[in-house]
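Notes follow the structure.
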Amino acid sequence: MRRKAPLVLAGVLAVQALLSALVFTPAPHTGGDNAGYVTLAYSLAQRGTYQELWDPAEPPHTKYPPVFPLLLGGLIAVGVKGWVGLKSVSFAATLLAGLFAFLWARGRGGLLMGAGVALLLALSDGVLYYSRWILSDPLFLALTLGALWALEKGARPASAAGSPAPPAPAGARDRPGKGVGPPGPEPFWLALGFALAVLAYFTRSAGLPLVAATLLWLGWGKRWKALAGCAAAFAVPAFLWWLRGKVQGGSAYVAEFWLVDPYRPELGRVGPPGLLLRVWENLASYVTNLIPEGIVGLEGPFLAPLGLLLTLLALLGWLRSRGRGRWVGDLFFPLYFGLMLLWPVVWSGDRFALPLLPFLLLYAGSALIWLMEKRSPVLGQGVVGVGFLLLALPALGSWAGESASARGCAETARAGDPWACYPSAIREYVALARWSGENLPDGAVVVTRKPRIFFVLSGIKARSLPLTTDPDAFLERAREGGGRYLTMDRWDGLAGYYLPPVLQARPRAFCAVMAMGPQGEGGTLLLGLPDVPPPAGEGNEEEEGILGLCGRGMLREPPRPRVPPSGAIPLLVSGER
C-alpha cells in the first residue's frame, strides 16, 4: 500500500494541475480585494511599508494579515509585473492544498479515502475558481490542511502512519492524558504543524479557529509544556499585530463584525436576537446553497437536498470521529463552521467555506462506509463510489463550461489586453483609468466606485464614492482628501443611483473632463470638481442637461507617455502619479 501511495498522489496532483490550468484565465479579478492585495504587495516591495497607497492619506493597513502580500511583494521585487505572474501564487497554493488534502485524508481513512477527497477537492468549483485570482483563499486552504496533516501525523503511532488510528479501548476514551487515544505529538511535527497554523492565521484572520483548536487539543491531552510553548509562540506576533491595529484605530474586521451590515454602517450594531437570526440565515445559505454549489458548481433545485444530505452524513461522521480519536481537525471543524455562521450575512460566500470542503467529504464518506459495513464491506465501498460519482460528474460538467469560457477569454485577450474579456461597461472604466494615469496632473485624487482598482490601473490616488444623495453632503465628502475628479461609471448600479440626483441639483459644481464609450449612450465619464463651486441656490439650475467642459488647468501638459494595454499591471510598470 505504501508503494502505491506516491503513484496515486502523483496522479491526483497531475489531474489537479490539468484541471486548474484549463480554467486559468489571463483576466484580472473585478473585485477590490484583488487590487488591494496588489497595492499592499507594491507597498512592501517599493517602500518596505504596509500601507494603503491608493488612499491619499496613505494610512497603515490593519485589515488583511501580511503573509499573502509578502509572497506577492517578493515576486514584484524580483521583477514580476503582470497579472498572470502574480496569479502563480494562487495556482501553486491550489496544488499544495491538493497535496495536503491527500496526505491528511489518507492518514484518516486510508489510500482510497485520501485519493477520493483530494480528487473531489480538485474538481470542486470553489477551489478551481479561486485558483486563478490574486486572492488569499488558496494559500489559506493549503496552510490549514498542511497544519492539520502535520499535527495529526505527529500524533499517530509510527507503525500506523498512513493508516487510520486504532480506536481507544472501550471505557478509556475520556482519559487522553492516561496513555489512551492519540499519543502526544512528536516535537518536529508539532512545531511544523503549529507554524503552519500561525501562518494560516497571518494569511487570513479566519485562521484563529485553527490556532484555538490546536491549543485546545494540547490542553485536552494534558500536554502542558507543548501548550505553553505554542501559546507563547502565537501570542507574541498576534499581540504585535493587534497592537498595530489598535494604535492605528482598531481592527477593521472586529469593528465590522458587530455591524448589522458592514456595507451599511448606519444600520448600527447587531444584538443577541440579530446574532441568532444571522446564524440561522448563514446556516440555511451554506447548507442548502453555497457549500453544495461550491462542490458541484451547478445551480438548481437539487442543491438543497444534496447539501442537507452531505451535511447530515458529515455530522454523523464527525460525531464518530470525535469519539474515536479527538484529532485536532475534529475540534477545528466546529470552531470554523461556528465562526462562519456568526459572520455578517453579506460576507457569506463559497470562498469562506473552502476549508470545510475536505472535512465534509471525509466525514460523509466515513459515515457511508460505517452505515454499510455491517451489511457488506463491498456494499459500503460501492455506495461510497456512487456518492463520489454523484459529486464528481456534475463538477466535471461545470468544469467543462468554465474551461470553455477560459479558452474564449484567452483568445479575446490574445492581443494583449486581459480586460478585453469583460463587458463594455468594465472596459470603459479600465480605459478611463488608464487615460487618467496619462493625463491627470501629479497629486490628483479621483472619487470613484472602485478606488483600489482605479489606483492599480492608473497610479492615481482614489477615494470611495460617497453613498449619499444629499448634494451638500455628497460634495463635502467628495472633496475630502483633495478630491477634484469623479467617475460616473457603469460598473454596477451604484454610481447611477447616487450621482444623478446630485448632478441634477448642483450641475454647476461639476464639469466634464473625458468620456469613454459610444457617443450618445452615456458611457463612462470623468467629471471635474472645480475648486470653488458656486454657492447653492444661485443659478445652479441644470442647463439643458449638459455639463460645461473643465478648464485646461485640470489636465497635465504635456500628457505622460501612453502605455499600451497589455498583461502588465500599470502600477507596477509606471508607478504612482
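The values are calculated or read from the model by the stated rules, or taken from the named source; none is laboratory data. What you see is a predicted model, and the numbers here were worked out from it, not measured in a lab. Every residue, glycine as well, gets a Cβ built from its backbone with ideal geometry; the counts of neighbours run over all protein chains shown. Accessible surface areas use protein heavy atoms only, side chains included; no ligands, DNA or RNA. Shrake-Rupley method; radii C 1.70, N 1.55, O 1.52, S 1.80 Å.
What to note about this one:
- Divided by 2.2 N^0.38 Å, where N counts the residues, the Cα radius of gyration of the stretch 344-390 comes to 1.54.
- Here, the stretch 278-340 has an Rg and a Dmax of 12.9, 38 Å when only alpha carbons are counted.
- For the chain, Cys with no neighbouring Cys Cβ under 4.7 Å: Cys230
- Principal-axis tilt of helix 208-220 within the chain, Cα atoms, nearest 10 degrees: 20 degrees
- Estimated FRET transfer efficiency when R0 is 51 angstrom, pair Asp531-Val78 (beta carbons, to 0.05): 0.75
- Extended-chain gain in nm, criterion 0.36 nm per residue less alpha-carbon gap, Val386 and Arg562: 57.6 nm
- P(r), alpha carbons of the stretch 453-518 - 5 Å bins starting at zero, rounded %: 3, 15, 25, 31, 19, 7, 1
- Calculated mean residue ellipticity at 222 nm for the chain: -18500 deg cm²/dmol, from DSSP H runs with n ≥ 4 weighted as -39500 (n - 2.57), summed, divided by the residue count and rounded to 500.
- Seen from a random direction on average, the alpha-carbon convex hull of the stretch 414-475 projects onto 5.3 square nanometres.
- Whole-number Å³ per residue for the convex hull built on Cα positions in the chain: 172 Å³
- For the chain, with all protein chains in place and a probe radius of 1.4 Å, 64% of the accessible heavy-atom surface sits on carbon or sulfur.
- Peptides 561-568, 467-474 ranked from most to least packed by the mean count of surrounding Cβ atoms within 10 Å: 467-474, 561-568.
- Annotation: peptides 93-103, 8-18, ranked by per-residue average of other Cβ atoms within 10 Å with the highest first, follow the order 93-103, 8-18.
- Paramagnetic reach from Glu373 in the stretch 100-139 [backbone N under 16 Å; point 7 Å along Cα→Cβ]: 106-114
- 0 to 90° range, to nearest 10: angle between helix 272-285 axis and the chain longest Cα axis: 80 degrees
- In straight-distance terms, cross-link reach from Lys374 covers every one of the lysines whose alpha-carbon lies under 30 Å from its own, apart from those fewer than eight places away in the same chain; here that gives Lys4, Lys153.
- Taking a straight line from the alpha carbon of Lys225, these lysines sit under 17 Å away, with near neighbours fewer than eight places off in the same chain left out: Lys178.
- Extended-chain gain in nm, criterion 0.36 nm per residue less alpha-carbon gap, Glu480 and Ala235: 84.3 nm
- Length-normalised contact order for the chain - Cα pairs under 8 Å, 6+ apart - percent: 16 percent
- Taking the Kirkwood radius as Rh and the Cα radius of gyration as Rg, the stretch 10-78 has a ratio of Rg/Rh equal to 1.12.
- A 1.4 Å probe run over the chain, with the rest of the protein chains in place, finds 43 Å² accessible per residue.
- Options Tyr201, Leu379, Val287, ranked by Cα towards positive dipole end of the chain, top entry (Cβ charges): Leu379
- Stokes-Einstein D (µm²/s) once Rh is taken as the Kirkwood radius of the stretch 375-516 over alpha-carbon pairs, at 37 °C in 0.692 mPa s: 177 µm²/s
- Degrees between helix 357-373 axis and first principal axis of the chain (Cα, 0 to 90, nearest 10): 30 degrees
- Distance-filtered residues of the stretch 271-310 - backbone nitrogen under 18 Å, label point 7 angstrom along Leu396 Cα→Cβ: 295-298
- By the equivalent-ellipsoid construction on the alpha carbon gyration tensor, the stretch 269-392 comes out with semi-axes of 28, 18, 11 Å, ordered largest to smallest.
- Paramagnetic label reach from Thr412 (point 7 Å along Cα→Cβ; backbone nitrogen cut-off under 17 Å): within the stretch 445-471, no residues.
- Annotation: lysines with alpha-carbon distance below 30 angstrom to Lys81 (same-chain offsets under eight excluded): Lys63, Lys450, Lys461.
- When peptides 208-218, 406-416 are sorted by average Cβ neighbour count within 10 Å, with the highest value leading, the order is 208-218, 406-416.
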